[in-house]
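Throughout, read-outs are computed from the coordinates displayed, never taken from laboratory work. All values reported here derive from a predicted model rather than from experimental measurement. Cβ placement follows ideal geometry from the backbone for every residue including glycine, while neighbour counts extend to all protein chains displayed.
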Amino acid sequence: MENNLIFAPVALQVALTLWLYIALAIAKSGATKRGEVNEERRALHDDAWPDSVLKINNNIRNQFELPMLFYVLVIVLWSMDAVNTYVHISAWAFVVSRIVHMTVHTGSNYVPLRRRVFMLGGFILIGLVGFLAYKLITG
């Protein structure tokens, strides 16, 4: 398998984050037009915005948590020439978990499901860290 293909799920994760920024701009514009925003508080206070905006905004924050570790792991594994089928499958599974997490978070926001999906992504990253440790130990 081509090692550089490991950047395809990375590109999709980046696209997901950029899509959320676009969705946030659209949601904020709509909320403002509908008069759902406390104009006096909007510059500094999240509570000035309706829940529909807050869900997207909070999910954007999540895109700078686990995904940052994902980016680092992929770059390190790629630079070590340690990308294999396991890494590819794990990378795609992680990104799919992030898409599902985003869908739940910005939709129903059902916390028990959102937590399980978040934890799945975390366990995938733990597996990649374990693989990286194995590669570092065994050379």
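In the stretch 65-110, what count of residues is obtained for those that are without any contact (Cβ under 8 Å) to a residue 40 or more places away in the chain and of a type in the set (A, V, I, L, M, F, W, C)?
8
Have a look at ALA15, ALA23, ALA43, ALA31 and point out the one that is surrounded by fewer than 12 Cβ atoms within 10 Å (Cβ to Cβ) and either touching a Phe, Trp or Tyr at 6+ places or on another chain (Cβ under 7 Å) or assigned to a helix (DSSP H, G or I) (or both).
Among ALA15, ALA23, ALA43, ALA31, only ALA15 is surrounded by fewer than 12 Cβ atoms within 10 Å (Cβ to Cβ) and either touching a Phe, Trp or Tyr at 6+ places or on another chain (Cβ under 7 Å) or assigned to a helix (DSSP H, G or I) (or both).
Can you find, within the stretch 75-130, the residue that is surrounded by the fewest Cβ atoms within 10 Å (Cβ to Cβ) among those that are outside any helix (DSSP H, G or I) and under 16 Å from the mean Cα position of the chain (by Cα)?
The qualifying residue surrounded by the fewest Cβ atoms within 10 Å (Cβ to Cβ) is GLY107.
Do we have LYS55 as touching a residue at least 24 places away in the same chain (Cβ under 8 Å) and either loosely packed, with under 12 Cβ neighbours inside 10 Å or not hydroxyl-bearing (Ser, Thr, Tyr) (or both) here?
Yes.
With in contact with a Gly (Cβ under 9 Å, 6 or more places away or on another chain) and either of a type outside the set (Ser, Thr, Tyr) or closer than 17 Å to LEU20 by Cα (or both) as the only criterion, which of PHE70, PHE118, PHE123 stands out?
PHE70
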